[in-house]
Structures are given as structure tokens and as C-alpha cells.
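These notes are about the structure you will find just below.
The values are calculated or read from the model by the stated rules, or taken from the named source; none is laboratory data. Since the structure is predicted, the reported quantities are computational estimates derived from the model, not experimental observations. With ideal geometry, Cβ positions are generated from the backbone for all residues, glycine too; neighbour counts draw on all protein chains shown. Only protein heavy atoms, including side chains, enter the accessible area calculation; ligands, DNA and RNA are left aside. Shrake-Rupley method; radii C 1.70, N 1.55, O 1.52, S 1.80 Å.
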Amino acid sequence: MMKKEGNGGALPRHVGIIMDGNGRWARSKGLARTNGHTEGLKTARRIVEAASRRGIGYLTLFVFSTENWKRAAQEVDFIMSLVKQHLTREFDFYRENHIRIRHTGDKDGLAPDILAEIEQAKSDTRNFEGMQVILALNYGGRNAIVRAARRFLAGGGGVGPGLDEDAITRNMDNPDVPDPDLIIRTAGEFRTSNFLLWEAAYSEYFITDKFWPDFLAEDFDAALAAYAARERRFGAITT
Ligand code: FPP
């Protein structure tokens, strides 16, 4: 048998992160869940910076899912206000790092002020040619696939052989963004939680027990190292 070479030390082009464990982090310290989200936002900034420095091309952050509306209204409002604050206050950070902001998720259901802030950030950063940060906000993987199919049909596509995998891919929110190579999940759960269902068909997963607020640049590097050592076969057989 040939020696397994791993992934050739490759850097993932696109990394997705399920930033889990803000609530548990807060509880473990006797704090309110909202404190966990405040720390979670600081971690997001730290990891965006680290990923950009490492030369990652695309970073998708799972900020708020289509299921997160089931949480207490006060917590939902707090997360939305954090996102809004971040987008209004951090333009210099994105400019200095040449980072472009994008969005994936269902715009229906997002409050007009959040939507306006997202559109503003997208437009302000659209010419930055460094890493792209894709904020998954009001995002659900199944919802994204349904919306892609609807877009195809609304664009004049019919039900038939034309409605194939390429057609769905072309009609996703950001069809130019490559599929994620690596998905990181914090807080130790072994679930996809409806994140990038379509795009993650061949993604490598890295799961750590650390709660998101405790996740450091060195943990991100550990995920990159684990990825570099993986053997990706995309369904093929290596002998
Ligand atoms: C999961 O913790 C985290 C969230 C629901 C999202 C909150 C994310 C942020 C505040 C970062 C936002 C980032 C940017 C760049 C705008 P959880 O509450 O599900 O934790 P638990 O499972 O321990 O309760």
C-alpha cells in the first residue's frame, strides 16, 4: 500500500466555523448568556484576523440560524444588536485587513435595520481583495437549498433534467464562493446543525471541546494542521 501523504500540507481555501458554546462558557463562569455572546464576538474578531493573516481565502461564520429565533426575545435582540454594532464600528478593521464582508442566509425575517447594515458593510467592502468573511445570519442549510431551487424556477428554469446539481449550486446565495474545505465546530458537539448542508458534502470536520469564547488563534492553527494531515479522497479510492 502506498504511504498516505495527508493533504500535502495544504491550506484550506474556505473555512466554515460553527461558533458554539457561548452560553455554556457564560454559565461556567456564573455569568449571563449575553456575556458569552459579547466574548464570542471578541473571539470572532480575533479569529477573522488570524485567518486573514494565514492567507485563508473565505471564512464563513455561523452567526445566527433560522432555528435561533426560538430563543428568548431578549437574547435574540442582544445578538442582533451585537452584529449591528460590529458592522457599524469595525469598518477600519476590515479596511486595514482588506477584508470583504458578505452575507448568506434568508433576508426575509431579518429586521430592516440589520439588513441595511449588512448591505452597507457589503457595499463598503466590496472592492477589498483580501479574505472574504461570509456572515451566515438567519441561515439554515435546508432553507438555502430551497431558496436556490426557487431562484432557479423563478429564473425560468423548469422541473426536469435542467434542475440538476449545477443548477442548485449556481443559484445559491454566493455561487462564486468555493465549497468549504474545513469546518470547525467548538463546544464538542458532533452535529452539522444545518450549516452549509449543500456545500459541505466533502468538507473535513474539526471539532474541539473548547467553548467559542475560549477559542484562540493557536486553536485555529491546530485545526489547520489537522486539515493539512487529512487525506481527502472525494469518494475515490487510493491504493
Ligand atoms: C453559539 O453559542 C453562538 C451563537 C448563537 C451566535 C453568537 C455569535 C456571536 C455573538 C459572534 C458574532 C460574530 C460576528 C462576526 C458578527 P450558544 O449560545 O449556542 O452556546 P450554548 O450552546 O452553550 O448555549
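Data overview
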read-out: Selection status of Ile118, assigned to a helix (DSSP H, G or I) and within 16 Å of the ligand (Cβ to nearest atom); value: yes
read-out: Scope the range 144-163; condition open to solvent by 40 Å² or more (accessible area, probe 1.4 Å), farther than 14 Å from Asp106 by Cβ and part of a helix (DSSP H, G or I); matching residues; value: Leu153, Ala154
read-out: Conditions (1) near the ligand (Cβ under 7 Å from one of its atoms); (2) under 21 Å from Pro178 (Cα atoms); number of the one not met by Ile17; value: (1)
read-out: Unique match (being open to solvent by 20 Å² or more (accessible area, probe 1.4 Å), closer than 28 Å to Ile145 by Cα and charged (D, E, K, R)) among Lys42, Lys70; value: Lys70
read-out: Residue in the range 201-221 that is closer than 30 Å to Ala50 by Cβ, polar (S, T, N, Q) and more than 16 Å from the ligand (Cβ to nearest atom) present; value: yes
read-out: Unique residue being of a type in the set (Val, Ile, Thr), more than 29 Å from Ser52 (Cβ to Cβ) and away from the ligand (no atom under 13 Å from the Cβ) when the list is Val177, Val159; value: Val159
read-out: Filter result (part of a loop (DSSP other than H, G, I, E, B), open to solvent by 60 Å² or more (accessible area, probe 1.4 Å) and farther than 27 Å from Ala26 by Cα) within the range 195-230; value: Leu197, Trp198, Ala201, Tyr202, Arg230
read-out: Residue match in the range 27-48 (condition: within 9 Å of the ligand (Cβ to nearest atom) and free of Cβ contacts under 8 Å to residues at least 12 places away in the same chain); value: yes
read-out: Members of the range 49-68 that are over 13 Å from the mean Cα position of the chain (by Cα), in contact (Cβ under 8 Å) with a residue 12 or more places away in the chain and within 11 Å of the ligand (Cβ to nearest atom); value: Glu67
read-out: Sole residue being outside any strand (DSSP E or B), farther than 20 Å from Tyr227 by Cβ and within 16 Å of the ligand (Cβ to nearest atom), chosen from Asp113, Asp166; value: Asp113
read-out: Options Gly141, Gly235: the member that is more than 21 Å from Ser52 (Cβ to Cβ), open to solvent by less than 30 Å² (accessible area, probe 1.4 Å) and out of contact with any strand residue (DSSP E or B) (no Cβ under 8 Å at 6 or more places or on another chain); value: Gly141
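Matching residues to (1) open to solvent by 20 Å² or more (accessible area, probe 1.4 Å); (2) touching a residue at least 60 places away in the same chain (Cβ under 8 Å):
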residue: Phe93; (1), (2): no, no
residue: His98; (1), (2): yes, no
residue: His103; (1), (2): no, yes
residue: Asp106; (1), (2): yes, no
residue: Pro112; (1), (2): yes, no
residue: Glu117; (1), (2): yes, no
residue: Ala121; (1), (2): no, no
residue: Thr125; (1), (2): no, no
